[in-house]
Amino acid sequence: MAYQHKTTQTKTMLLNSLLDLMVNKELEDITVRDITEYAGVNRGTFYRHFKDKMDLVEQKERQIFQDLKQVELDIKVFDDTANIVISSENVCKLTTYLYTQRRFLANLLGSNGDMTFEHQLLTWLYSTIIDNLASAGLDVTQKHLKIVVHYQVSAMLGVIRYWFIEDQGVTSPETIAQIIYKLNHDGVWRNFENRPL
């Protein structure tokens, strides 16, 4: 048990070193040597846990997607306004989890980050929503529905990116969830005026 704890600590330290380095340097320009020197460990320690720098990143990404599978995004297909809506509670579950990963997400979604991860996150959101709509009996092969879902997931990712990069995660997960919910439920233009939520 103590070994497992030390392994987890070492992996976390190496990941945090990478994230610190990404503040000033693009991911592709960071080397294993940069990470280990910053962390104050030898390269052998790094290679005991990871094949290379991208293995470090990909292990964290896999953990996030495993965790996201536990976040249920049940979608109410038709509410009183005939919209397709993700409940505010489910959006809050999603934003609360993402908030726990904000440092990693801010780095990977930022200008020095990994476009592959952003694409994977968009794909996960899209697939999750499409699967829920199909389970509710909607024809998810319709072109219009696909366009609406693509728009929705791009907008959600845009809010998440703003939250972690521009806002630096200052706004609470509950407030971000409420903003996303209101945009989904009321539409963009009804939320355009400058008014408090």
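Points worth noting:
- Taking the protein heavy atoms of the chain in the context of the full set of protein chains, the accessible area attributed to carbon and sulfur is 52 percent at 1.4 Å.
- For residue 42, neighbours were defined as the other residues whose beta-carbon sits under 11 Å from its Cβ, and their charges (Lys and Arg +1, Asp and Glu -1) total +2.
- Under the convention that each Lys and Arg Cβ holds +1 and each Asp and Glu Cβ holds -1, the size of the dipole of the chain around its Cα centre is about 440 debye.
- Ranking by accessible area, most exposed first, for 103, 190 with a 1.4 Å probe: 190, 103
- Checking the Cα-Cα distances for 53/146; 11/93; 69/143 against a 32 Å cut-off, the pairs over it are 53/146.
- The chain: DSSP helices with Cα axial extent of at least 20 Å and average Kyte-Doolittle hydropathy no lower than -0.5: 2-22, 115-135, 143-161
- Stretching residue 42 away from residue 89 to a fully extended chain increases their span by 12.4 nm, per 0.36 nm per residue minus the current alpha-carbon distance.
- Accessible area expressed per residue, the chain, with surrounding protein chains retained (probe 1.4 Å, Å²): 58 Å²
- The value obtained for the chain, namely the Cα convex hull volume divided by the number of residues, is 143 Å³ per residue.
- Across all Cα atoms of the stretch 82-197, the radius of gyration (one decimal) and Dmax (whole number) stand at 14.4, 41 Å.
The values are calculated or read from the model by the stated rules, or taken from the named source; none is laboratory data. Here the structure is a predicted model, which means the values were calculated and not measured. Neighbour counts run over all protein chains shown; Cβ positions are idealised from the backbone, glycine included. Surface areas here come from the heavy atoms of the whole protein model, side chains and all, with no ligands, DNA or RNA. Shrake-Rupley method; radii C 1.70, N 1.55, O 1.52, S 1.80 Å.
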